[in-house]
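Step one of this worksheet: look at the structure below.
The values are calculated or read from the model by the stated rules, or taken from the named source; none is laboratory data. Just so it is clear, the structure is predicted and the values come from calculations on it, not from any experiment. A quick note on method: Cβ atoms are made from the backbone with ideal geometry, for glycine too, and the neighbour counts reach across all protein chains shown.
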Amino acid sequence: MPKRPHYLIAAAVLVALFALEITLDRSWARGDILRHIVLDVGLFGLVFGPLAWWLVFRPLLNLETSQEHDLSLLSRALTATSNAVFITDRTGNIAWANEAFSKMCGYEIEEILGRNPRFLQSGLQSPAYYKEMWATILSGQSWVSETVERHKAGHTYTVRQTITPIMDELQQITHFVAMHDDITALKEAEARMQHLAHHDALTGLSNRVLFKDRLKQALRLAKRSRETLALLYIDLDRFKQVNDSLGHAIGDELLKAVARRLRRCLRESDTVSRLGGDEFTVILQNIHSAADAAKVAGKIIEALDKPFQVQGNEIQIGSSIGIAIYMRDGESVASLMQAADAAMYQAKTETGSCYRFYAADPDRPAEPD
């Protein structure tokens with residue numbers, strides 16, 4: 001049987017109640033004003049009471065129930081999400097946090113509530129960073145950034161955070177909701193890729209790309225401050241025989257050992273690189289004269305002349321070093337590299353295990369100042 005529309009049922013009820021009022025008024029309340037009033041009030045309630053319930057109170061109750069359901073659903077969703085979420089009041093004190101946030105920072109929920117998130121600060125962000133953040137969110141805008149926080153255990157971790165203001169019906173900020181996404185593994189992977197792009201995979205020294213960039217910066221600084229700069233090209237003597245007789249695995253271990261000895265011969269401010277094969281370079285910044293470069297070269301030759309112990313093998317090699325001085329032998333990256341390379345080949349063709357300064361005229365070798 002088809003359903004009748006609600007408004008037809010309501011109209012039929014109203015007609016029936018009005019008919020009842022007329023009938024009772026005629027048969028029972030005739031001439032009695034008090035009874036007439038009571039009857040009219042009662043019938044008015046019967047007629048308009050259900051109507052008021054249906055049109056006013058029932059929607060309000062449904063709205064309140066719907067809002068409670070939505071809030072309950074939102075609370076369960078924020079609690080269950082894998083993203084770290086916390087809510088602060090307008091002053092920044094944490095009023096609510098989920099378990100994911102507790103797990104991320106290492107603090108229990110009881111240790112978090114009521115505290116300002118500054119207890120997680122690592123000290124790696126400047127005061128200007130937080131000043132800009134507060135200016136942004138207090139203006140009603142969301143703030144998205146990467147920040148380094150400190151775990152309860154003491155180590156740091158990196159998060160991508162989004163802070164969003166929550167406003168009331170008057171558009172006044174009452175709370176802030178913050179979401180943290182741990183990107184520590186991603187940042188570490190990026191750092192590893194960046195390192196591999198600029199460092200030699202075998203020795204960990206700067207590779208050719210980073211070497212040229214460092215040399216370009218060093219030349220710019222030397223020009224501005226009028227400092228002396230030297231470039232050393234180092235080629236290992238008898239390295240090919242090691243590879244041919246003992247194998248490339250031994251050769252690789254030997255190159256690692258050479259890199260360690262080179263580092264010990266230099267200052268922290270100096271740059272040592274492996275260009276490839278058995279060729280290394282050294283950038284000596286802020287030296288007083290070419291004689292300082294000669295001293296470093298002699299120190300390197302002495303260090304590399306000592307026997308190496310590699311996987312039970314005693315290996316004796318040497319090194320030939322070419323030296324070029326900024327301004328005297330070249331002013332650009334290319335010209336200085338070419339001069340140092342030429343000087344290195346000059347040393348190698350003579351006796352080996354020695355150094356030579358670049359000289360435009362090979363018959364008249366340049367001497368240190």
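Residue by residue, here is whether (1) surrounded by 14 or more Cβ atoms within 10 Å (Cβ to Cβ); (2) farther than 17 Å from Trp134 by Cβ; (3) not assigned by TED's automatic domain parsing to the domain that holds Glu149 holds:
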{"site": "Ala100", "(1), (2), (3)": "yes, yes, no"}
{"site": "Lys103", "(1), (2), (3)": "no, yes, no"}
{"site": "Glu110", "(1), (2), (3)": "no, yes, no"}
{"site": "Asn116", "(1), (2), (3)": "no, no, no"}
{"site": "Leu120", "(1), (2), (3)": "yes, no, no"}
| remark: The condition of being crowded, with 16+ Cβ neighbours inside 10 Å, under 24 Å from the mean Cα position of the chain (by Cα) and under 30 Å from Asp278 (Cβ atoms) holds, among His180, His199, only for His199
| note | For the stretch 135-166 the number of residues that are surrounded by fewer than 12 Cβ atoms within 10 Å (Cβ to Cβ) and either within 17 Å of Thr184 (Cβ to Cβ) or in contact with a His (Cβ under 9 Å, 6 or more places away or on another chain) (or both) is 3
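Could you count how many residues in the stretch 101-127 are out of contact with any Asp or Glu (no Cβ under 8 Å at 6 or more places or on another chain) and over 29 Å from Asp168 (Cα atoms)?
Counting residues in the stretch 101-127 that are out of contact with any Asp or Glu (no Cβ under 8 Å at 6 or more places or on another chain) and over 29 Å from Asp168 (Cα atoms) gives 9.
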| Which numbered condition Leu215 misses (of (1) touching a strand residue (DSSP E or B) at 6+ places or on another chain (Cβ under 9 Å); (2) surrounded by fewer than 19 Cβ atoms within 10 Å (Cβ to Cβ); (3) assigned by TED's automatic domain parsing to the domain that holds Val272) | (2)
| (1) charged (D, E, K, R); (2) without any contact (Cβ under 8 Å) to a residue 12 or more places away in the chain; (3) over 27 Å from Ser335 (Cα atoms): which one isn't true of Lys256, the others all being true? | (2)
| request: Determine, yes or no, whether Leu284 is within 19 Å of Leu210 (Cβ to Cβ) and surrounded by 18 or more Cβ atoms within 10 Å (Cβ to Cβ). | output: yes
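Within the stretch 92-134, track down each residue that is farther than 25 Å from Ala185 by Cα and of a type in the set (S, T, N, Q).
The answer is Asn93, Asn116.
Here's the yes/no breakdown for (1) without any contact (Cβ under 8 Å) to a residue 60 or more places away in the chain; (2) not polar (S, T, N, Q); (3) not assigned by TED's automatic domain parsing to the domain that holds Ala259:
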| residue | (1), (2), (3) |
| --- | --- |
| Asp292 | no, yes, no |
| Ala297 | no, yes, no |
| Ile300 | no, yes, no |
| Ser320 | no, no, no |
| Tyr326 | no, yes, no |
| Met344 | no, yes, no |
| Thr351 | yes, no, no |
